[in-house]
1. If I ask for residues that are under 15 Å from residue 456 (Cα atoms) and out of contact with any strand residue (DSSP E or B) (no Cβ under 6 Å at 6 or more places or on another chain), which ones from segment 402-418 would you list?
2. Picking from 85, 107, which residue would you name as being under 40 Å from the mean Cα position of the chain (by Cα) and under 18 Å from residue 31 (Cα atoms)?
3. Here are some residues: 54, 41, 47. Which one is touching a helix residue (DSSP H, G or I) at 6+ places or on another chain (Cβ under 8 Å) and either surrounded by 15 or more Cβ atoms within 10 Å (Cβ to Cβ) or farther than 30 Å from residue 425 by Cβ (or both)?
4. Of all residues in segment 464-487, which are modelled with pLDDT under 90 and exposed (fewer than 15 other Cβ atoms within 10 Å of the Cβ)?
5. Does segment 491-513 include one or more residues that are over 25 Å from the mean Cα position of the chain (by Cα), assigned by TED's automatic domain parsing to the domain that holds residue 430, at positive phi and in a loop (DSSP other than H, G, I, E, B)?
6. Looking only at strands (runs of 3 or more DSSP E) that lie completely in segment 370-442, which have at least 1 residues being closer than 30 Å to residue 310 by Cα and at pLDDT 90 or above?
7. Looking at segment 301-317, which of the residues that are outside any loop (DSSP other than H, G, I, E, B) and in contact with a helix residue (DSSP H, G or I) (Cβ under 7 Å, 6 or more places away or on another chain) is nearest to residue 360 (Cα to Cα)?
8. Suppose we filter 445, 485 for residues that are touching a residue at least 60 places away in the same chain (Cβ under 8 Å) and either farther than 21 Å from residue 515 by Cα or not assigned by TED's automatic domain parsing to the domain that holds residue 128 (or both); which single one remains?
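The values are calculated or read from the model by the stated rules, or taken from the named source; none is laboratory data. Keep in mind that this is a model prediction, so the values were computed, not measured. In this analysis, Cβ positions are derived from the backbone assuming ideal geometry, glycine residues included, and neighbour counts consider all displayed protein chains.
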């Protein structure tokens, strides 16, 4: 490409004015052979041909190679920040210094913002973002199930019941997340309370994540029933999570709440902890919901390879005539169905079916005015090994950092996800372009040619799938990774290099980027 001399002169003058370059020539022994530009501006006063430049520019040590080497941010003797380019020549090396104070200040400002975000808001915002992603995934799942139910409503009434059941399941952990988020956002909340709230939100979010996986994973959902997935897990961690979810709900009603474990309780069991968690949260949620004064407690025992968990409350109790009926779907005791207490009457029905799926059972003991006691009994196997508990937001390891300079284009309309991804990707060493809809993503991809595109499928103006197809049609060849909460099999493999299922764990995202860049 050839420009007119006037344009070339203008561009050269503008570059020199902004970058204020200085160049010196050295041999392989670092001896000065010549220099050009304003030496004093970069701290090179009174240069003498033949002197060893390592004393003045120690940062060039070890960088005299056979290919161009670029040092992005170097502090000079005069206190300035420069970008250093070392160009190999015929037995000599040109070292070019260009002022990069503006870029450095911008980088520092972004880094400071990222650090402040991590110290003050990252944990909270990250977990809230996960909650939003999970809710979005649930909405998509419910919409799809609603559509199927309407098509076969007269022949398959169980679909509507299943949707209502999932809505019931999400209400309890979602209430816990909302309460802890409100506590963390209160003006007078201490740092310690913010951290505790974030940990509780993490636990509730992980529970919701497991529920979403149960709904959407077709391998776990066959003919409208959930299959067991047994694994080793920590009982103490499980009950800690349950306490973190239920305690604020009880406190909101002024009820006492406690979990009491027998000294013989094993450290780890081999069972389906997701089903066990669902059952206990259902039983405790019902106890808190229908108890107005007094308290709710959970007593846990281990006898003869069987876990016994008894939920007791000081509520109104249940009449004998109602005790069998309330284990049926959509049934509630006495006049409860005519009160303003929320719920679809699915908690006990779901709990009983899950308990029997785990080869266990549930027993109810109650009388009007004497509270209620529900005993869950499930068989399980002892597991002697320790179990590593999963982390809500694992810290990315050094292995996920960028192996070479690369620019990533991220398209998503969720501001929280954009902020979180910006923090992680920039910290990992990538350049980042942001787009908030499909149209903007196409424009920026064609204009700036990023090394990789992260494309949310559900975006405004132009969907992610349509945006990817348009880019491929225009010859865009870089990898495009789909970010979706839907079935990845519906994606066009010709347009997308690979896909990630929401909610996205950042280490997994960084590993995907590293494998393609």
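1. 413, 414, 415, 416, 417
2. Testing whether each residue is under 40 Å from the mean Cα position of the chain (by Cα) and under 18 Å from residue 31 (Cα atoms) leaves just 85.
3. On inspection, the qualifying residue turns out to be 54.
4. 487
5. no
6. 372-379
7. Ranking the candidates gives 309 first.
8. Just one listed residue meets the conditions, 485.
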